[in-house]
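Okay, so here's the structure we're looking at.
The values are calculated or read from the model by the stated rules, or taken from the named source; none is laboratory data. All values reported here derive from a predicted model rather than from experimental measurement. Reconstructed Cβ throughout: ideal geometry from the backbone, glycine too, with neighbour counts over all protein chains shown.
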C-alpha cells in the first residue's frame, strides 16, 4: 500500500519552484505540453474523459488542482468534499495525467499558466470569457474549449444527494412526530379516563 502511495506522489507538485526545471527538460525533449485546471472534487467519468481528451492535444498533461482553501473561497464552506491530498492523488492515478499540481488560494491570477506556458491550455466553456481566451492565447500556444464530457457534474451530484437526504429526513421526521403525537394523545386520554 505504501509503495503505491510513494509511486503516485512522484509527479504530484505542491511547490511551484519545482516546475521550471521540469518544463525546461520537457522543452529540451520537444514535448508538447498541455495544461488544464479545476477542482476535481469527487472524481467521476466526466473527469476521466476530460483528461483523456486533453492529453490527446499533446505529449505531457499537467493538471492544476485547486487547494481546499481555494475551493472553499469559490464554492462555499461545504466544499470540497474530498481533501486536496486525495484529489491530487486521484487525479494522478488517471493514466492520461502526467503531473498534478496544487494551486494554492494565494497564487496570482493565471500564475500556473504563466509559469508553464503550455502549448495547449484546455478549458471548459464556463472557465473563461472570449476576451480572456484572447489574452491567454498570448501566453499559450492554443486555448481549446471542451464541452462537458459527462451528463452531470460533481455539483449536480451533490445537489441530488442533498435533496435525497432532505426528502428522507423529512419523511422520517414527519412519521416519528406523528407517531409521538399519537402516543401522547393516547397517554393523555388514559390519564383523563383514570382521573
Among the numbered conditions (1) on the phi > 0 side of the Ramachandran plot; (2) in contact with a helix residue (DSSP H, G or I) (Cβ under 6 Å, 6 or more places away or on another chain), tell me where residue 89 comes up short.
(1)
Among (1) under 16 Å from residue 49 (Cα atoms); (2) free of Cβ contacts under 8 Å to residues at least 24 places away in the same chain, there is one condition residue 123 misses while meeting the rest; what is its number?
(2)
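Yes or no: region 122-129 includes at least one residue that is at pLDDT 95 or above and either at positive phi or surrounded by 14 or more Cβ atoms within 10 Å (Cβ to Cβ) (or both). Spell out how you get there, then give the answer.
From region 122-129, those at pLDDT 95 or above are 122; that's our starting set.
If we keep only those that are either at positive phi or surrounded by 14 or more Cβ atoms within 10 Å (Cβ to Cβ) (or both) too, we end up with 122.
Yes, region 122-129 has at least one match.
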How about region 17-43: which of its residues are assigned to a loop (DSSP other than H, G, I, E, B) and either in contact (Cβ under 8 Å) with a residue 40 or more places away in the chain or not assigned by TED's automatic domain parsing to the domain that holds residue 141 (or both)?
32, 39, 40, 41, 42, 43
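Given the residues 75, 103, which is the only one that is within 23 Å of residue 53 (Cβ to Cβ) and either buried (at least 17 other Cβ atoms within 10 Å of the Cβ) or under 15 Å from the mean Cα position of the chain (by Cα) (or both)?
On the way: 75 fails: within 23 Å of residue 53 (Cβ to Cβ).
Of 75, 103, the one residue that is within 23 Å of residue 53 (Cβ to Cβ) and either buried (at least 17 other Cβ atoms within 10 Å of the Cβ) or under 15 Å from the mean Cα position of the chain (by Cα) (or both) is 103.
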